[in-house]
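As structure tokens, the structure follows; a few thoughts come after it.
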Amino acid sequence: MTRRTALVALAFWTLAVHVAMVGQAPPALRLLLAAPVLYMPGRLTLGCFNIRQPPLDRGLSSLLLSIGILIMCGLALHLAQALTPAGWLIGVGIVTALLIAFGGAADIEPPRPIPSLQPALVGQVVVALALAGTAFRATLHDARVDRPFEVLEMWLVKDAATGRLQLGIHNGESADKTLALEIRGEGRIVEDRRTLTVRGNSTMLHPVDVVAVPEKPEAITAVLYAKNDTIARRVKVLVGAKQSADLDSSGE
Amino acid sequence: MTLPSWRRAWSAIWWLIGRSDPSALDAHTLPFSWRAPAFVLLVTCADLNLVAYAQGLGREGEASSVFIFWLSVFLLVGPGAYLATRPNRDWKERLAILVIIGQSLHLIRFFHTPTRFGFFDEFLHWRTALDILELHSLFAFNSILPISPLYPGLELPTVALCELAGISIFASSIIIIAIARFVSVCLLFLIFRETARSGRIAAIATIVFMGNSSFGNFHAQYAYETLAFVFFLYILRLVLTLEEADAGVRWDNAKLAILATPALAVTHHLTSYLTAAIAASVALLYFLRPVRGQPRRQAGLVMAFAFAAPLVWAWLIKPPTGPYLTPLILEGLADLGRLLSGASGGRKLFVASDGTSVPLLLQLLGMSSVLFVAVGLFFGFFRTLTFDPAAKDAGRDASLWPWRSSSAVALGLLAACYPLTVAFRLTVAGWEIGNRLSSFVSVGAAFVVAISITHFFQARWRGRRSMTILSVVLGAMVVGGMINGWGVAALRTTYKVGADGQSVEPVGLAVAEWSRRTLGQGNRFVADRVNGILLSTIGRQLPLSTLFGDPGFAGLFYDEKFSYAERNIVRSGDVDYVLVDLRLSQALPRVGHYYEPGDIEAHGDVPPRLQDLLKFDRAADVDRIMDAGQIVIYDVRGVRSVRLPVIDPPAWVACRICWLHRSRAPGEGETP
């Protein structure tokens, strides 16, 4: 391959990866486009240093040297404060262009044909890949349905922007949940909802109106009851007391 | 004339352990065919369904899953071993089969946790990769493994692929590790083949190597040693083949080795030092061998670079390698000394910290794996030192001085360290050293065992029955090696307390995700080992870690009262939140400890009580801000803010606090 052809091919590759990056192309296509970074820089390095190896050795060297070049490229991008997607593309592009310029592409030949696979063996390989596919599907399914504990979270935190208390409930299960919610202060009920339905795989955010009196801190407790009136989740926050953040900001 | 009796005795011993049979070397005579690799691929892919089935049963807690799983692992290796080690086959055919076996053993790790990272070390490096990806910068602080960001060789190509291909870190890591696995199997095969000049010895040695305790488990994980080990093999091969190559190729090999050393130095500290040491040993052999034409200059140059690269990198980044590794090594050596002197009984083999033991049959397989290697070393060590790949053609006798093949001698000497790694593995403190070193030493041990096997098998036992016996033994060695390295954790089970990958489940993941979304990043958390890694990676928090010098915090969870001592831990550790996993009260952890090394022994070898874990509920100045059923999060910033006489935090805490405030970017809905 001539140097000019290699440089043109590199320019097209860079453009294609950039377009795929910006255009949010499907991951499979982007992976296909990005895959040469795991081989070509190393392959060009071999040419650059005029190192001739048998095909298998050349392949192994190319893979490892490419990984090595990505490592060094990353260090250089860190120094240039450019460890971003664009930085990687430009960095790898520049390194590859340099390797081509220093003669890396001179000895790149078309790949040699590998011993052909007989038709019967092709069928065998296809069956094998189909079998592997079923194994992958089965294991992915098992992993997804493996949920030994119910995912139901409740939280009560002070909203940074408004300073108000915010209650959140997240139902991580696929089925809807019907619960009861009670929010109480000290000696008073702030809110009592006998029926509260939280849809499956959704989060419910609910502001809690409590007036904080600095001189009289009050513990606000929220309790989530399951169907049989057992406590499912319980959270508690002290309002009115100075927290560390308040102390820090007031300089106390 | 009769020989003196000592000469006869020595001849008998030498016949048993040292005499080489040149006819043991195999020359391939049959042309390459895809038939055997395609068949192995078919059997492997069919067997993967059995692996998936066993893992599924394991998740449901079925006892039969253990038998099915280990049988399926054996079936991944056995048929391939049979076909790869047959006499007179083309070496490329053997290599294709070995690559399939190697990748299938990598897939076992994938089938264990197919949708995300699942092992402790993977989380440590995931955090570093996330930092690079999100902060667009290297060397960010990683509290769960502070040394990891200083060796970003694994994470950089992973992140590069993520950024360019738009895939997740997990997907990218699977590709990088699959490449590493492919290259490592090829390199091992080539090292053995070039040293022995026999594809069959190389195939046997490669399968024996797969039986080391790290191959199936640790070197299939996303950890820096996994990639560094491939660079080690690459440099080792280039150095070993200097001997046989002509002058031009020697310089090419030297150039490639020199190019690879910086990448290795940036990837893993220990592997780069070991590579330098082994390169120096091989160079020494070339220098000492009294034969002309030795590649001394090339070997010397590679050795110099192999030493210089890690030293230069260490000088640049000043890693805490000493404080990180020295106690481990010293403690391991002391424990080994105690074991050898009989002062201590050593580690309980095949028993996890929670008392779970490996089934007896599997224990026997594990022990037999080591025993096979030991027997192979006994019969093969001197044969390796006197190994002469050209003996058949040259018609000369084996000799110890001058040795015929420096690469064989180097592998033999490496194999001589194998008993030491086994001894380390018997100790409590040195177990990890033995486990880590075993993969390096096994490169030599595998070659010696293969020499031993072929000496006794090759010339006489070539029939189908003997081949079947050999493949069963090799399959058993690989299964045994996996049991030794992975134990019961290789198979998924129902949730277990403190069992790393087996303890990661949707609630823990959801809580970590919630912490990031609601509390923002970079908060200082106290949590147990498993939730700590989830908080660090998914939550992007800063869990306290005694590894980095944070104050011990296990005491927070072992008392019914939240008194002065506990409050002092919160203040001196500058803790923001405490995560309490109530399930820890149900059982002892399967892996080592709950919170920090030694915590169980320090608290009477019992789990923390539920009332101890829930004591924060009774503290007026602690908010219970989040409840996920099994996991509760407490806000302890109110405790921290109270000005009481406290022990001043050490300088590093102050340093971390500065970093913390710089790195905290308030996110949407964040509660500062």
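Side notes on the structure shown:
- Spacing of the modelled spin labels on A:Met204 and A:Ala86, each 7 Å from Cα toward Cβ, amounts to 4.5 nm.
- Cα-centre dipole for region B:1-134 with unit charges at Cβ (Lys and Arg positive, Asp and Glu negative), debye to 20: 680
- A:Val190 long-range amide H proximity, modeled H, under 5 Å: A:Ile183, A:Arg184, A:Gly185
- Between helix B:224-240 and chain B there is an angle of about 20 degrees, using the helix long axis and the longest principal axis of the Cα atoms.
- Spatially close Lys pairs in the protein assembly as shown, defined by Cα atoms under 19 Å apart and a spacing of eight or more places or different chains, total 9.
- Among the residues of B:43-50, the average count of other protein chain beta-carbon atoms within 10 Å of the residue beta-carbon is 6.
- The value obtained for chain B, namely the Cα convex hull volume divided by the number of residues, is 174 Å³ per residue.
- Per-residue HN-Hα couplings for region B:422-434 [Karplus 6.51, -1.76, 1.60; θ = phi - 60°; Hz; x = Gly/Pro]: 5, 4, 4, 5, 7, 8, 6, 7, x, 4, 5, 4, x
- Model label points for A:Glu150 and B:Ala178, set 7 angstrom from Cα along the Cα-to-Cβ axis, are 4.0 nm apart.
- Region B:58-68 - phi-based ³J(HN,Hα) in whole Hz, Karplus 6.51/-1.76/1.60, Gly and Pro as x: x, 4, 8, x, 6, 5, 5, 4, 4, 5, 4
- Here's how it looks for A:Leu238: its modeled amide H is under 5 Å from those of A:Ile220, which are all 5 or more places away or on a different chain.
- Helix content alone sets the calculated 222 nm mean residue ellipticity of chain B: runs of n ≥ 4 DSSP H residues at -39500 (n - 2.57) each, divided across all residues, give -19500 deg cm²/dmol.
- Where labels lie 7 Å past Cα in the beta-carbon direction, separation of A:Ile94 and B:Leu614 in nm: 6.1
- Average beta carbon contacts from partner chains per residue of A:52-63, 10 Å cutoff: 4
- Cβ-Cβ FRET estimate between B:Ala12 and B:Leu288, R0 fixed at 35 Å, reported to 0.05: 0.70
- Going by neighbour counts of Cβ atoms within 10 Å, the residues A:Leu70, B:Leu579 line up, fewest first, as B:Leu579, A:Leu70.
- With neighbour counts taken as other beta-carbon atoms within 10 Å, the residues B:Trp91, B:Trp10 rank, fewest first, as B:Trp10, B:Trp91.
- The fewest-to-most ranking of B:Thr113, A:Thr203, A:Thr230 by surrounding Cβ atoms within 10 Å reads A:Thr230, A:Thr203, B:Thr113.
- Once the Cα atoms are used to define both axes, helix A:55-79 deviates from the longest principal axis of chain A by about 50 degrees.
- Nonlocal amide H pairs with A:Leu179, under 5 Å, H built at 1.01 Å: A:Leu196, A:Thr197, A:Val198
- For chain B, DSSP calls about 70 percent of its internal beta bridges antiparallel.
- Taking the C-alpha atoms only, the angle from helix B:247-267 to the longest principal axis of chain B is near 20 degrees.
- What the phi angles of region B:624-635 give under the Karplus curve with 6.51, -1.76 and 1.60, with θ = phi - 60°, is a coupling list of 8, 8, 8, 10, 10, x, 7, 10, 10, 10, 10, 9 Hz, glycine and proline written as x.
- Here the gap between B:Tyr564 and B:Ser357, fully extended at 0.36 nm per residue and compared with their Cα-Cα distance, gives a gain of 70.5 nm.
- Ordering of B:492-502, B:588-598 by packing [mean C-beta count within 10 Å, highest first]: B:492-502, B:588-598
- P(r) tail, region B:133-285: Cα-Cα pairs separated by more than 20 Å, 55% of all pairs.
- Across peptide B:498-507, the mean count of Cβ atoms from other chains lying within 10 Å of each residue's own Cβ comes to 2.
- Per-peptide average of other Cβ atoms within 10 Å, ordering B:358-370, B:546-558, B:335-347 highest first: B:546-558, B:358-370, B:335-347
Since every read-out is calculated from the coordinates, none of them should be taken as a lab result. Computed from a predicted model, the values in this text were never measured in an experiment. Note that we place each Cβ from the backbone using ideal geometry, even for glycine, and neighbour counts take in every protein chain shown.
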